[in-house]
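Student: Sharing a structure here in structure tokens format.
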Amino acid sequence: MGWWGSFGSPPQKGISDYTLSANRQRPLAGSMHAAVFNSWRRFKGQVLYVVPPFIVAYMVMDWAVKENHFLNSKEGRKLHGAGEE
């Protein structure tokens, strides 16, 4: 047995390796174009899952703030009789 897993067999024939020179590679080719359209596709697919709950939460919070202001006003206290002793 050879060193580090080399079994000492005869070399393989008929196997070709092809590589591309490092200065010919373009690792970021098209990445900006793909990023823009991929982001839009993902946004379009998720918007209906995210926006309606935020709208409902905003409407509920707005109603609660207005109701709180009304109940703590003179008219709200008079209407509900709170604070009378």
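Student: Is it the case, given these coordinates, that residue 45 is of a type outside the set (Val, Ile, Thr) and modelled with pLDDT of 80 or more?
Tutor: Working: of a type outside the set (Val, Ile, Thr): yes; modelled with pLDDT of 80 or more: yes.
Judged against the criteria, residue 45 is a match.
Student: Same structure again: Taking residue 31 and the conditions (1) over 33 Å from the mean Cα position of the chain (by Cα); (2) modelled with pLDDT under 90; (3) surrounded by 10 or more Cβ atoms within 10 Å (Cβ to Cβ), which numbered condition does it fall short on, given that it satisfies the others?
Tutor: (1)
Student: When you look at residue 44, is it surrounded by fewer than 10 Cβ atoms within 10 Å (Cβ to Cβ), without any contact (Cβ under 8 Å) to a residue 12 or more places away in the chain and of a type outside the set (Asp, Glu), yes or no?
Tutor: Numbers: surrounded by fewer than 10 Cβ atoms within 10 Å (Cβ to Cβ): yes; without any contact (Cβ under 8 Å) to a residue 12 or more places away in the chain: yes; of a type outside the set (Asp, Glu): yes.
It is true that residue 44 is surrounded by fewer than 10 Cβ atoms within 10 Å (Cβ to Cβ), without any contact (Cβ under 8 Å) to a residue 12 or more places away in the chain and of a type outside the set (Asp, Glu).
Student: Pick from region 58-85 the residues that are touching a Leu at 6+ places or on another chain (Cβ under 9 Å) and surrounded by 11 or more Cβ atoms within 10 Å (Cβ to Cβ): which of them is modelled with the highest pLDDT? Give the steps one after another, and end with the answer.
Tutor: Looking only at region 58-85, we keep the residues that are touching a Leu at 6+ places or on another chain (Cβ under 9 Å), and these are 70-71, 77, 79-80, 82.
Going one step further and asking which of them are surrounded by 11 or more Cβ atoms within 10 Å (Cβ to Cβ), we end up with 70-71, 77, 79-80.
Working: 70: 94, 71: 91, 77: 89, 79: 89, 80: 84.
Among those residues, the one meeting the criterion is 70.
Student: Report, ordered by the first and then the second residue, all pairs with beta carbons closer than 6 Å, sequence separation of six or more or different chains, a first member in region 57-75 that is assigned to a helix (DSSP H, G or I), and a second member that is modelled with pLDDT of 95 or more and surrounded by 10 or more Cβ atoms within 10 Å (Cβ to Cβ).
Tutor: none
Student: I need the full set of residues from region 2-56 which are small (Gly, Ala, Ser) and outside any loop (DSSP other than H, G, I, E, B), in order please.
Tutor: Applying the first criterion (small (Gly, Ala, Ser)) to region 2-56 yields 2, 5-6, 8-9, 14, 16, 21-22, 29-31, 34-35, 39, 45.
Result: 5, 22, 31, 34, 35, 39, 45.
The values are calculated or read from the model by the stated rules, or taken from the named source; none is laboratory data. Computed from a predicted structure; not experimentally measured. Quick reminder, even Gly has a Cβ in these numbers, built from the backbone with ideal geometry, and neighbours come from all protein chains shown.
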